[in-house]
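The next block holds one structure in the form of structure tokens; read it before the comments.
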Amino acid sequence: MMPGDFFRALGQLGDPRFRGVLWRGIGLTVALLVAVYVLVLNAIRAFVPDQVILPWIGPVGGLDAVLSLGAVPVILLASVFLMVPVASAFTGFFLEDVAEAVEDRHYPALPAPTPAPFLTLVLESTVFFGVLVLANLLALAVYPFAGPLAPVVFWAVNGYLLGREYFTMVAMRRVGRAGARALRRRHAAEIWLAGTLMAAPLSVPLVNLLIPVLGAATFTHLFHRLQARGPSPR
């Protein structure tokens, strides 16, 4: 069952190959957050004057410095949303390493996979990144009407997309693109649920740093379990 897939992935977190991928993933995340902060900082410096004149108070300086410091918690809050595209980019760069480590430990009798070329994975991840951004922009129109259910909408939308991408990338290594698509269609609900369970902790700062690695490992277990189950009876 799905919790078993996750706990098997969690149990391998001490694997040296997992740790290597984890540190690279953290580096990717930190680089993205720093890049966003630098862009915000430059925008503040470009558009916010050194001082403003307030009625009855007079000149007030240091506004740009205050906004620059205030941008730090804003960027940390934005990391909740930024971690979703980071998880998407992760598939193109690191998923093969994680899937290989999982299979070496838990499925040693398997023949060698036929992974897609690295550039193909990067291209697919780039295209998917665009789909992810577009879907989240469209979802922004729904969030105001969702009220307290807005986080559920966020998790459901990104869970569907992340589950689709992670499962497809893992399955393609073993059964090709057509086989991955057929298997995904047979088990769409379970894959969506697994993706949603991955999207939810991506919203938790610090915890979300572990999720791309654990997600790739969990979906590797999920693929092998669903493939072993065989076609659903008609």
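The values are calculated or read from the model by the stated rules, or taken from the named source; none is laboratory data. These numbers were taken from a predicted model, which means no experiment stands behind them. Heads up, the Cβs are rebuilt from the backbone with ideal geometry, glycines too, and the neighbour counts pull from every protein chain shown. Note: accessible area is taken over every heavy atom of the protein model, side chains too, but ligands, DNA and RNA are not part of it. Shrake-Rupley method; radii C 1.70, N 1.55, O 1.52, S 1.80 Å.
For segment 141-152, the tally of residues that are under 16 Å from residue 199 (Cβ atoms), open to solvent by 40 Å² or more (accessible area, probe 1.4 Å) and without any contact (Cβ under 8 Å) to a residue 24 or more places away in the chain stands at 3.
Pairs linking a residue in segment 203-229 that is on the phi < 0 side of the Ramachandran plot to a residue that is modelled with pLDDT under 85 and open to solvent by 30 Å² or more (accessible area, probe 1.4 Å), with Cβ atoms under 7 Å and 6 or more positions apart or on different chains, are 205/76; 209/26. Tell me, please, whether a residue that is of a type in the set (Gly, Ala, Ser), touching a residue at least 40 places away in the same chain (Cβ under 8 Å), within 28 Å of residue 42 (Cα to Cα) and surrounded by fewer than 18 Cβ atoms within 10 Å (Cβ to Cβ) can be found in segment 70-90. Yes: one or more hits. Could you tell me which of the residues 32, 22, 10 is modelled with pLDDT under 80 and in a helix (DSSP H, G or I)? Just a single option satisfies the conditions, and that option is 32.
The residue of segment 196-214 that is surrounded by the fewest Cβ atoms within 10 Å (Cβ to Cβ), among those that are of a type outside the set (A, V, I, L, M) and touching a Phe, Trp or Tyr at 6+ places or on another chain (Cβ under 6 Å), is 196. Of the residues making up segment 1-38, those that are β-branched (Val, Ile, Thr) and surrounded by 17 or more Cβ atoms within 10 Å (Cβ to Cβ) are 21, 29. For segment 101-133, the set of residues classified as charged (D, E, K, R) and open to solvent by less than 80 Å² (accessible area, probe 1.4 Å) consists of 103, 124, listed by residue number.
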